[in-house]
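Any read-out appearing in this document is the output of simple, stated calculations on the displayed coordinates, not a laboratory observation. These numbers come from a predicted model, not from an experiment. Note that we place each Cβ from the backbone using ideal geometry, even for glycine, and neighbour counts take in every protein chain shown.
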Amino acid sequence: MEIFGIPLQAFLGQLLLGLVNGSFYAMLSLGLAVIFGLLGIVNFAHGALYMIGAYVAWIGMEKLGINYWFSLVTAPLVVGALGVLIERTLLKHLYKIDPIYGLLLTFGLAQIAEGLFREQFGVSGQQYAVPELLQGATNLGFMVLPNYRAWVVLASLSVCLGTWFVIERTRLGAYLRAGTENPALVQAFGINVPVMVMLTYGAGCGLAALAGVLAAPVIQVTPLMGSNLIIVVFAVVVIGGMGSILGSILTGVALGLVEGLTKVFYPEASSVVVFVIMAIVLMIRPAGLFGKEA
Amino acid sequence: MNAATDSPAAVAAVPAATPAPASRMARAALWVGLAVLIAAPFIGLYPIFMMTALCFAIFACAFNLLLGFTGLLSFGHAAYLGVAAYTTGWLVRSANLSPELGVLAGTLLAGVCGLAVGLIAIRRQGIYFAMVTLAMAQMIYFVLLQAPFTGGEDGLQGVPRGTLFGVLSLANDRALYYVVLAVFVAVFLGIKRIVHSPYGQVLKAIRENEPRAISLGYDVDRYKLLAFVLSTTLAGLAGSLKCIVVGFAALPDAHWSLSGEVVLMTLLGGMGTFAGPVVGAFTIIGLQNFLADRVGSWINVIIGAIFVVCVVAFRRGIVGELNAWQQRRRGR
């Protein structure tokens, strides 16, 4: 069976790959949006934290015998703790000044992390084996579905929706949203805002690390995997607008799919298509698809 | 000279370190600097290094026009340097154009790219502006990577230096050095002139308080766009010159890490000061040159660490701190 002259299996395969990438975009842009909402900082280190997450899983597997399922928990915790440390020692000095300094500081941190991992592990990619439970593929009749990729999409979308639920539907989320609107007032009501800010940054970093662990078996683990991704995620964030959680999830997944489709029909453009879409969206709706501010 | 920051929207970040009438000491420092630059080939400073550093000084000055004097953070300035370097390289090598025409064409094309990106990017403010410029620069990077005439991963190698205006052979390092130095001095003075012009004053007003500039009736977007185009054009000039100097154009010229480096040069030297970006460029390029074969990947770590220290504790930069120290001394 063919679709527009392309074998259906190849077509759906690319689409699935797009969906996998899209779920990473969604998880990362979600974290960026939450951090930006509360801290007013665009976390350039997000890509580096994603990379560190993948490496923590890989090191755990190679050196300590920690399997994939444990890494799904330990890597976000390790990276989350690192995030808390960064917030306490560095970021907290920057809240009262222009947000560009936050971007620059986290850019510097990303450079440090990338340099350290390059020094330690070189630039060549490391393989991370797919866990036994998810190896192989399922034949759906119209296509063969690799189990691990299906799991990645399901897992990351569940995490995204879970995060959305916590932020939009729980009391904790209400504090968080209130903190985004007016931190001084929330503090006056007896909520410990600095601790909330610290934990939010840690959670955002943990989310990036979780994406890194999920990505490790699909792509090669390299020190550069984060910086290649973060710029695309920035474009995703600009397209979606950082105002809405659900918006950033949707935009992330949609752009992953668009990228996958481009890879099928016009592979040369697949690395720039997201940026082209960003330019078009900025022309039509400068605030982004889900953005609120003018 | 510091604007009153009574409005909450006042961009308190970019230090308004615009100097009071240049002190005698600062002016003396400038003259000494110029004298050293003129004497450089005779006091044993490696000419290729000096020329490269001067090119990056032009680049950083161009960038500072935008960040330091207009308050716009472009995180994709390497793209314009790269576009110009590739254009010049291709024209001089494959189309046998003379170096001055190659540089002119590269510079202009960088400005055209800047215009196209600027039209899109000025639709968003603040931090979004940075992200949009970064994303657009990444797009330009991919175009340079994949276009048929850019040599892919290898870049354009073996660009001849040629003969300037058909009379002055640039093969001689010393001759080329003085050409580059002349261009640098012209750019430095040109930027100074722009900043002190009425136009430059409006840019500063936008930096200090954009809503107020709008309410005073200035078409802020047009001012910002022109600043962006000027800055990208001059960044292109730096790229074209660098291509002639080193004889190749390659992907690192357009990579985002270079965009980060030019931010660091400006920040380290002192943004919003005239000499700061020059000091920053020489420091960073000197550091890279010195450490290149000694530390390997640690260079990234060191650059990153300088970044962090600058942002947390040293936001005025070297020249900014010197100015502040002098003002304190005078005030006493």
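The fewest-to-most ranking of B:59, B:142 by surrounding Cβ atoms within 10 Å reads B:142, B:59. Most tightly packed first, judged by the mean number of other beta-carbon atoms within 10 Å of their residues, the peptides A:37-48, A:58-69 read A:37-48, A:58-69. Translational diffusion of the range B:200-279, estimated by Stokes-Einstein from the Kirkwood radius over alpha carbon pairs at 20 °C in a medium of 1.002 mPa s, is 145 µm² per second. For the pair residue A:276 and residue A:127, what calculated FRET efficiency results from E = 1/(1 + (r/R0)^6), where r is the Cβ-Cβ distance and R0 = 30 Å, to the nearest 0.05? Taking R0 as 30 Å, the efficiency between residue A:127 and residue A:276 is 0.35. Between residue A:9 and residue A:266, the modelled label-to-label distance comes to 2.9 nm, taking each label 7 Å out from Cα in the direction of the beta carbon. Taking only the alpha carbons of chain B, we obtain Rg and Dmax values of 19.4, 63 Å in that order.
The Rg/Rh ratio for chain A is 0.98, where Rg is the radius of gyration of the alpha carbons and Rh is the Kirkwood radius. Remark: spin-label model distance residue B:199-residue A:170 equals 5.6 nm, labels positioned 7 Å along the Cα→Cβ axis.
Dividing the C-alpha radius of gyration of the protein assembly as shown by 2.2 N^0.38 Å, with N its residue count, gives 0.98.
Shielding value for B:251-264 is 2, the average number of Cβ atoms from other chains within 10 Å of each residue's Cβ.
Radius of gyration over Kirkwood radius for the range A:200-242, both on Cα atoms: the Rg/Rh ratio is 1.01. The range B:166-232 and the range B:113-133 have Cα centres lying 18 Å from one another. Spatial offset of the range A:68-105 relative to the range A:113-178 amounts to 19 Å, using the alpha carbon center of each. Ranked by the mean number of other Cβ atoms within 10 Å of their residues, highest first, the peptides A:211-219, B:273-281, B:199-207 come out as B:273-281, A:211-219, B:199-207.
Counting neighbouring beta carbons within 10 Å and listing from fewest to most, the residues B:192, B:224 come out as B:192, B:224.
Here the peptides A:95-105, A:16-26, B:172-182 are ranked by packing, the mean other Cβ count within 10 Å, and the order with the highest first is A:16-26, A:95-105, B:172-182.
Annotation: for a label point projected 7 angstrom from Cα along Cα→Cβ of residue A:178, residues of the range A:185-216 with backbone N closer than 15 Å are A:185-197.
Working from label points 7 Å from Cα in the Cα-to-Cβ sense, the residue B:153 to residue B:330 distance is 5.5 nm.
Centre-to-centre, using Cα atoms only, the range A:239-288 and the range B:44-102 are separated by 31 Å. First measure r as the distance between the Cβ atoms of residue B:30 and residue A:187, then evaluate 1/(1 + (r/R0)^6) with R0 = 51 Å and state the FRET efficiency to the nearest 0.05. Computed FRET efficiency for residue B:30 and residue A:187 comes out at 0.55.
For peptide B:301-310, compute the average count of partner chain beta-carbon atoms within 10 Å of each residue's beta-carbon.
Mean partner-chain Cβ count within 10 Å for B:301-310: 6.
Inter-chain Cβ neighbour count for B:135-145, averaged per residue, equals 5 (cutoff 10 Å, partner chain atoms only).
Of B:93, B:124, B:24, the residue with the greatest mean-square motion in the GNM of chain B, using alpha carbon springs below 10 Å, is B:24. Entry note, the protein assembly as shown: the mean residue ellipticity at 222 nm calculated from DSSP H runs of n ≥ 4, each adding -39500 (n - 2.57), is -23500 deg cm²/dmol after division by the residues and rounding to the nearest 500.
Fewest neighbouring Cβ atoms within 10 Å first, the residues B:196, B:255 line up as B:196, B:255. Largest mean-square fluctuation among B:183, B:311, B:263, in a Gaussian network model of chain B whose springs join Cα atoms under 10 Å apart, belongs to B:311.
Structure remark: mean-square fluctuation, Gaussian network model of chain B, C-alpha springs under 10 Å; the largest value among B:129, B:149, B:63 belongs to B:149.
Between residue B:146 and residue A:64, the FRET efficiency estimated from the beta carbon spacing at R0 = 35 angstrom works out to 0.30.
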